[in-house]
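**Q** The following block contains the structure, expressed as structure tokens.
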Amino acid sequence: MISLQPRQQPSKLMGLLAPLLALLLTVLAGLVLFALLGVPVGQGFYAFFIEPVSSVYGLSELGVKAAPLIMIAVALSVGYRSNVWNIGAEGQLILGGICGGAVALYFYEVDAWYVLPLMMLSGVLGGMLWAAIPALLRTRFNANEILTSLMLTYIAALLLSLLVHGPLRDPDGFNFPESRLFHAAATLPNIMQGTRLHIGALVALLLVVVTWVLLSRTLLGFALKVNGQAPRAGQYAGFTQNRLIWFSLLYCGACAGLAGLFEVAGPIGQLLPTISPGYGFTAIIVAFLGRLHPVGVVFAGLVMALSYLGGESAQISLNLPVAVTGVFQGMLLFFLLAADVLIHYRLVWRRTGVAA
Amino acid sequence: MFALPSLKATRIRKTVVVLAATLVSLGSLSAFADDHPTKVGFVYVGPVGDHGWTYRHDVGRLAIEAEFGDKVETTFVESVGEGADAERVIRKLAADGNDLIFTTSFGYMNPTIKVAKMFPDVKFEHATGYKRADNVSTYSARFYEGRAVIGTMAGMMTKSNIIGYIASFPIPEVVRGINAFTIAMRKVNPDAEVRVVWVNSWYDPGKEGDAAKTLIDQGADIITQHTDSPAPLQIAQERGVIGFGQASDMSAFAPDAQLTSIIDDWNQYYIDRTKAVMDGTWESVDVWHGIDSGLVGFAEYGPAVSEDVKAAAEVIKEGIIDGSIHPFQGPINNQAGEEVVAEGEILDDGVLLGMDYYVEGVQGSLPK
Amino acid sequence: MSADNSMLVLIGLSVITAATPLVYAAIGELVVEKSGVLNLGVEGMMLGGAVGGFAVAHLSGSALLGVLAGMLSGMLLSLLFAFLTLHLRSSQVATGLALTLFGIGLSALLGQPLIGVAYEGIPTYAIPVLRDIPVLGTLLFEHDLMVYGSILLVVAVSFFLRSTRAGLILRAVGDSPEAAHALGYRVILVRYLATLFGGACAGLSGCYLSMAYAPMWAENLSAGRGWIALALVVFATWQPSRLLFGAYLFGGITILQLHAQAIGINVPSQLMSMLPYIATIIVLVLISRDRGRIRKNAPASIGQAFHPTK
């Protein structure tokens, strides 16, 4: 019989091997899935994992898709380490988009260098404002942030819909629900000609470094970690639990708000009734897939983004319905998550019947 | 022992090379097939299984395949968000060698225009938008003509003089439908009124059903909808009232309750446009066709429809087809009772396209 | 329906059907969380139950078989979750979210042949005698069997958690798995059973959607109700009776805002649609001020993996 035995120390080797093992298992499970659907296996894997990143454009799109996921996930992992369960990053992203986008529309006639920085500031503040609500309700009224942050996401989505159907819609757009296209001064500079890869990708990496330093080199980071393991102990470092809750939520709100602004000022270029395909929710998976570690989050974000791009290319080149890509994505995640068991545990063979 | 690893490595390397070669040949096979089938791509906003808007576009795609057989190859990508993802998907379809690409939701307008600039040889067709280019057509259907027909039927059949209207989002397309319905209804029954409930969703059977219950509870004896699921009609069936279907024939869900249904029928348009690309005669056009073209179809009349109601509905249909009747022909009053279109005048397409007010006979006010 | 149906009764009837799927999914998740497991895959399991129940009901013609199949579908998906999180100790939050993605995809794939198929729905059953009580009779005793079932289930869970030995063990496992283990209880087994129960309830919730609420199958039929159910467990501060209140509050405001619109109230519909979410937050704030009580009810070990030898 196989059983699991805890390791004294988490295995560094397994930390690297586990994802590879997961990939191998996904390949095996994929063989079965593709065989059932009558898809040539080689083509299936090519479409999912290789074709999306086989060109410069493909790679740039991977960056476009992964950037918001990484930005949000890295901030979420700060909160999750200290047991602050913000699951409303999607709403904070939307508010960032709304506030930043509103600035772009207000300065519609202005072609100046300060428009974009002002949009970013406004986006950050918008996200922070939306995250401040659950922080206030939690610290002041003891209201659980899981519920409040989730409910605020629905409210944010309806608010965006309200604004884009009304005050923010394009005056020359036949009353269709979308804003004007932002001018060049309100659009993010690209970092690669002919692609949509914008400075958001660089900011995401910067945030990864900042968060890594924060968590590993500062007293605040230490307090956050301690608070996660033993809520009262954190106070000895000079940080009350309430301050940590405020910090976790506001930090995430700022990052998610900026990610939302980058979406509307980057690849979208205007405000639409929906500006995110659920980045705020997907980032929760990314945070845990990356083991709540800033560097892990980068890899997890790239894998997750690739699985979405792969889903699209599988639809195009193999005529697979989107449902199949969802199943495949689910399997990949299951294997990745399950394989992590090897980091903390070793498999041991134990003969049944033999007394321990 | 020491030789083994290198042997293994060679074998693996060989396998990789063979695999890569297979992949390359598989890829090129489809690209350089003999008679070079015309490739047609579709971008859908919902899943094919929504049984509504996207489903009807996919029926159109299948009609292309049925018509041209081996001469075409069709591809679709479903549930593509109207944000940043749309541009990538459209660009991928273009780069993948599609000759004609249908982008089937309003939110794809700007990405379609943007990608079309990069691929001047690919033809694009964008549904329900207003921006065109040399290689971008727009197409839409005058569904409001259908609403005028069912509005007439509703005006004749209602006993409570309250009609319940379940609406999705306050966009001009939906407002236009509400107004066309109401104007036609009031022509045959000036006492009838329309009550609108917005559910802020195109497809949520539970919520749509709840909205139907609400309207029935408030006295509506006829239910009509501009959302995609058959739930409102199911509720109508259950509660013993009547109503109209949307997008496809929903009589299977409400055999007694469905009076008729306005059907989105893209089949012929899609076949014609594909043919045009094959023949090299494709041109950028702005298509906004109605009942006459077949884009707006109807399901068979249900058992509750009497002969004189059928006859009246047919008169409206024929009048719209021959041009003697226009759903937005004056006099039309706004909600305040002020005349906005004078007797004999017809609203022009520009106003219709951006319609943002209710006409007389609609209860409640339109959010601005 | 009889003539004494006032508007209030009619509204009440709609509220009850709108709340029932939330009650099923949330009461299941409540038990799961009480055992110390957080399964965020409710939405995926609901869809599994919806498609499984609908398919079997359609093929067999039996509503009962359909409901059983729906429960079983939900349980199978929860078994997957249980194996990954309890045996392989994967992250519960991430595995639950992955289960949702998986469930949405799988249900869409398996449900393809069922699109456009009509099903007459679970019949309503008026309870004799009681139904003849004026006003209340119609409101409370003329429903489909699953509505009665949801109430009974809440009562049963409440009784189970409070007054049975097994319920006590379940709570002990959720509050302090180490202590429960030391006392000789099989923590992993208890959590398996609780997770399976949660899967069955989510499956039932899905069945209610596809077989009673709006009898049909379409992709993503649940439209986010699994998330609301998760929020309701928190809202209820892990107490079954409060959960019932939360579900009816949410359902009630959803229906009332539709009525306000139909009357012609001059407020943008998006603002009206926000009301159920806003109301839930406000009520949560009002009932959360008693810190001690919440701490008493919240399972202490929620979301954490457990290993017996730790």
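**Q** Scanning the stretch A:110-124 for residues that are in contact (Cβ under 8 Å) with a residue 40 or more places away in the chain, over 19 Å from the mean Cα position of the chain (by Cα) and surrounded by 16 or more Cβ atoms within 10 Å (Cβ to Cβ), which turns out farthest from A:Gly96 (Cα to Cα)?
**A** Looking at the filtered set, the residue picked out is A:Val115.
**Q** Any residue in the stretch A:54-67 that is under 22 Å from the mean Cα position of the chain (by Cα), modelled with pLDDT of 90 or more, crowded, with 16+ Cβ neighbours inside 10 Å and away from chain B (no Cβ under 14 Å)?
**A** No, every residue in the stretch A:54-67 fails to be under 22 Å from the mean Cα position of the chain (by Cα), modelled with pLDDT of 90 or more, crowded, with 16+ Cβ neighbours inside 10 Å and away from chain B (no Cβ under 14 Å).
**Q** Does the stretch B:238-259 include one or more residues that are under 22 Å from B:Val59 (Cα atoms), in a strand (DSSP E or B) and either basic (Lys, Arg) or without any contact (Cβ under 8 Å) to a residue 40 or more places away in the chain (or both)?
**A** Within the stretch B:238-259, none of the residues are under 22 Å from B:Val59 (Cα atoms), in a strand (DSSP E or B) and either basic (Lys, Arg) or without any contact (Cβ under 8 Å) to a residue 40 or more places away in the chain (or both).
**Q** Looking only at residues that are among the β-branched types (Val, Ile, Thr) and crowded, with 20+ Cβ neighbours inside 10 Å in the stretch A:209-235, which one is nearest to the chain's Cα centre (by Cα)?
**A** For the stretch A:209-235, the residue satisfying everything is A:Thr211.
**Q** Restricting attention to the stretch A:275-284, does a residue exist that is assigned by TED's automatic domain parsing to the domain that holds A:Thr195, under 18 Å from B:Ile90 (Cα atoms) and either in contact with a Leu (Cβ under 8 Å, 6 or more places away or on another chain) or among the aromatic types (Phe, Trp, Tyr) (or both)? Talk me through it step by step, then tell me what you get.
**A** Our first condition is that a residue be assigned by TED's automatic domain parsing to the domain that holds A:Thr195; within the stretch A:275-284, this holds for A:275-284.
From what's left, under 18 Å from B:Ile90 (Cα atoms): A:275-277.
Add one more test, that the residue is either in contact with a Leu (Cβ under 8 Å, 6 or more places away or on another chain) or among the aromatic types (Phe, Trp, Tyr) (or both), and what stays is A:275-276.
Yes; the residues of the stretch A:275-284 include at least one that is assigned by TED's automatic domain parsing to the domain that holds A:Thr195, under 18 Å from B:Ile90 (Cα atoms) and either in contact with a Leu (Cβ under 8 Å, 6 or more places away or on another chain) or among the aromatic types (Phe, Trp, Tyr) (or both).
**Q** I've got another one for you. Does any residue in the stretch A:153-171 that is more than 16 Å from C:Ile278 (Cβ to Cβ) come within less than 7 Å, Cβ to Cβ, of a residue that is charged (D, E, K, R) six or more places away or on a different chain, and which pairs are these?
**A** These pairs meet every condition: A:Val164/A:Glu178; A:Gly166/B:Lys368; A:Arg169/A:Glu178; A:Asp170/A:Glu178; A:Asp170/A:Arg180.
**Q** Right, something else. Select the helices (runs of 4 or more DSSP H) contained entirely in the stretch B:264-368, then report the ones holding at least 1 residues which are within 19 Å of the chain's Cα centre (by Cα), within 29 Å of B:Gln237 (Cβ to Cβ) and of a type in the set (S, T, N, Q).
**A** In the stretch B:264-368, the matching helices (runs of 4 or more DSSP H) lie at B:267-279.
**Q** Would you be able to say whether some residue in the stretch A:125-134 is in the same structural domain as A:Ala300 (by TED's automatic domain parsing), surrounded by fewer than 22 Cβ atoms within 10 Å (Cβ to Cβ) and either hydroxyl-bearing (Ser, Thr, Tyr) or in contact with a helix residue (DSSP H, G or I) (Cβ under 6 Å, 6 or more places away or on another chain) (or both)?
**A** At the first step, the residues of the stretch A:125-134 found to be in the same structural domain as A:Ala300 (by TED's automatic domain parsing) are A:125-134.
Imposing the further condition that a residue be surrounded by fewer than 22 Cβ atoms within 10 Å (Cβ to Cβ) reduces the set to A:125, A:129, A:132.
Retained after the next criterion (residues that are either hydroxyl-bearing (Ser, Thr, Tyr) or in contact with a helix residue (DSSP H, G or I) (Cβ under 6 Å, 6 or more places away or on another chain) (or both)): none.
Looking through the stretch A:125-134, none of the residues is in the same structural domain as A:Ala300 (by TED's automatic domain parsing), surrounded by fewer than 22 Cβ atoms within 10 Å (Cβ to Cβ) and either hydroxyl-bearing (Ser, Thr, Tyr) or in contact with a helix residue (DSSP H, G or I) (Cβ under 6 Å, 6 or more places away or on another chain) (or both).
**Q** Regarding C:Ala223, is this residue within 14 Å of chain B (Cβ to nearest Cβ), touching a Pro at 6+ places or on another chain (Cβ under 6 Å), within 27 Å of B:Gly49 (Cα to Cα) and free of Cβ contacts under 8 Å to residues at least 60 places away in the same chain?
**A** No.
**Q** With the checklist (1) touching an Asp or Glu at 6+ places or on another chain (Cβ under 8 Å); (2) in a helix (DSSP H, G or I); (3) within 14 Å of chain B (Cβ to nearest Cβ) in hand, flag the one item C:Gly206 doesn't pass.
**A** Going through (1) touching an Asp or Glu at 6+ places or on another chain (Cβ under 8 Å); (2) in a helix (DSSP H, G or I); (3) within 14 Å of chain B (Cβ to nearest Cβ) one by one, C:Gly206 breaks only (1).
**Q** Quick one: in the stretch B:234-249, which of the residues that are within 19 Å of the chain's Cα centre (by Cα) and more than 9 Å from every other protein chain (Cβ to nearest Cβ) is surrounded by the most Cβ atoms within 10 Å (Cβ to Cβ)?
**A** B:Phe244
**Q** May I pose another question? If you check B:Arg176 against the conditions, is it assigned by TED's automatic domain parsing to the domain that holds B:Ile316, in contact with a Leu (Cβ under 9 Å, 6 or more places away or on another chain) and part of a helix (DSSP H, G or I)?
**A** On the way: assigned by TED's automatic domain parsing to the domain that holds B:Ile316: yes; in contact with a Leu (Cβ under 9 Å, 6 or more places away or on another chain): yes; part of a helix (DSSP H, G or I): yes.
When the stated conditions are applied, B:Arg176 passes them.
**Q** Does B:Val305 satisfy the condition of being modelled with pLDDT under 95 and among the β-branched types (Val, Ile, Thr)?
**A** In short, no.
**Q** Separate question: Where residues in the stretch A:177-187 are touching a Lys or Arg at 6+ places or on another chain (Cβ under 7 Å) and not charged (D, E, K, R), which of them is nearest to A:Tyr106 (Cα to Cα)?
**A** Per the stated criteria, the residue is A:Ser179.
**Q** Here's a check for you: in the stretch A:184-208, which residue that is in a loop (DSSP other than H, G, I, E, B) and β-branched (Val, Ile, Thr) is surrounded by the most Cβ atoms within 10 Å (Cβ to Cβ)? Reasoning before the result, please.
**A** Start the filter on the stretch A:184-208 by keeping residues that are in a loop (DSSP other than H, G, I, E, B), which leaves A:187-189, A:191-197, A:199.
Going one step further and asking which of them are β-branched (Val, Ile, Thr), we end up with A:187, A:191, A:195, A:199.
Details: A:Thr187: 21, A:Ile191: 14, A:Thr195: 16, A:Ile199: 17.
Only one residue tops the list, namely A:Thr187.
**Q** Ok, one more. Can you confirm whether the stretch C:235-242 contains a residue that is facing another protein chain (nearest Cβ under 7 Å), in a helix (DSSP H, G or I) and touching a Lys or Arg at 6+ places or on another chain (Cβ under 9 Å)? Please lay out each step first, then the result.
**A** At the first step, the residues of the stretch C:235-242 found to be facing another protein chain (nearest Cβ under 7 Å) are C:235.
Right, trim to in a helix (DSSP H, G or I) and you get C:235.
Now restrict to residues that are touching a Lys or Arg at 6+ places or on another chain (Cβ under 9 Å): C:235.
Yes.
**Q** What's the total number of residues in the stretch B:77-116 that are surrounded by 21 or more Cβ atoms within 10 Å (Cβ to Cβ), within 7 Å of chain A (Cβ to nearest Cβ) and not in a helix (DSSP H, G or I)?
**A** Within the stretch B:77-116, residues that are surrounded by 21 or more Cβ atoms within 10 Å (Cβ to Cβ), within 7 Å of chain A (Cβ to nearest Cβ) and not in a helix (DSSP H, G or I) number 6.
**Q** Quick one: how many residues across the stretch A:1-20 are among the hydrophobic types (A, V, I, L, M, F, W, C) and either in contact (Cβ under 8 Å) with a residue 40 or more places away in the chain or not in a helix (DSSP H, G or I) (or both)?
**A** Of the residues in that region, 6 qualify.
The values are calculated or read from the model by the stated rules, or taken from the named source; none is laboratory data. Predicted model only: the values in this text are computed from it and were never measured. Note that each Cβ is placed from the backbone with ideal geometry, even for glycine, and that neighbours are counted across all protein chains shown.
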